[in-house]
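Since every read-out is calculated from the coordinates, none of them should be taken as a lab result. Computed from a prediction, not measured in an experiment: that's the story for all the values here. Virtual Cβ from ideal backbone geometry, glycine too; neighbours counted across all protein chains shown.
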Amino acid sequence: MPANDVLSNLFSTIIENERRNRKECIVMPASTLLQETLKVMQKNGYIGEFELIDDRIMPKLKVQLLGRINKCGSIKPRYSTKWQLMGQWERRYLPAVGMGIILVSTDKGVMSHNDAMNQKLGGRLLGYVY
C-alpha cells in the first residue's frame, strides 16, 4: 500500500469542496507542512481562517473556504530549483504570469515563489494555487 501524500490530499480536499461551494472543509491528517502551506495560501487571499483540531485520535485542520481557488495541486516529483529559474516553473504550472502562486519549501520555510524570488532563495516545489 503506498504512503499517503498529505499535500496532495490537502489540495484535492480543498478543490473538491470549492467546486461544491462549501464554506469550510476538514483535512486529515494535519501536519506542520500543511499548516505552513495554509499560512501561505491565507496570506495570498486564497483561503480564510484555519484551525487545528486535536481530538487525540487524529489531528485535523478545519479550513474556511472563500471560493477564490480555481485550481490547486501538488507538484510531483518535488523538483529542486534556484530562484533564477522560478519564471520557468511559473510558465509551466500557472495559467498566466502574475496569476496564482507556486508554493516553495525553502530553508526559511514554505513561501510563495514571489517571496522566494524577492529573497533570492531556491528550494523544492510543493504545489500551485490559482
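Within the listed set Lys39, Lys120, Lys71, the residue fluctuating most in the Gaussian network model of the chain (springs between alpha-carbon atoms under 10 angstrom) is Lys120.
Rounded to the nearest 20 debye, the dipole size of the chain about its Cα centre is 340 debye, using +1 on the Cβ of Lys and Arg and -1 on the Cβ of Asp and Glu. With a cut-off of 12 Å between beta carbons, the residues surrounding Asn44 carry a summed charge of +2, where Lys and Arg count +1 and Asp and Glu -1. Other residues within the sphere of radius under 12 Å centred on the Cβ of Gly98, judged by their own Cβ, net out at 0 (K and R +1, D and E -1). The computed Cα extents along the principal axes in Å for the structure shown corresponds, within [x] 40, 30, 27; [y] 81, 43, 20; [z] 43, 29, 29, to [z].
Computed 3J(HN,Hα) for segment 99-113, one whole-Hz value per residue from the Karplus formula 6.51 cos²θ - 1.76 cosθ + 1.60 where θ = phi - 60°, is 10, x, 9, 10, 8, 10, 8, 10, 4, 9, x, 7, 8, 6, 5, glycine and proline marked x.
Projecting the Cα atoms of Ile47, Ile26, Ala116 onto the charge dipole of the chain (Cβ charges, centred on the Cα centre) puts Ala116 farthest toward the positive pole.
Long hydrophobic helices in the chain, taken as whole DSSP H segments with a C-alpha length of 27 Å or more on their own axis and mean Kyte-Doolittle hydropathy at least 1.0, are absent.
In this Cβ point-charge picture (+1 for Lys and Arg, -1 for Asp and Glu), segment 72-129 has a dipole of about 180 debye about its Cα centre.
Just add up the charged neighbours of Gly87: K/R +1, D/E -1, any other residue whose Cβ is under 15 Å from the Cβ of Gly87. Neighbourhood net charge equals +2.
The value of relative contact order for the chain, using C-alpha pairs under 8 Å at least six residues apart, is 24 percent. Adding -39500 (n - 2.57) for every DSSP H run of four residues or longer, then dividing by how many residues the chain holds, sets the calculated 222 nm ellipticity at -9000 deg cm²/dmol. Projecting the Cα atoms of Ile69, Tyr79, Ser12 onto the charge dipole of the chain (Cβ charges, centred on the Cα centre) puts Tyr79 farthest toward the positive pole.
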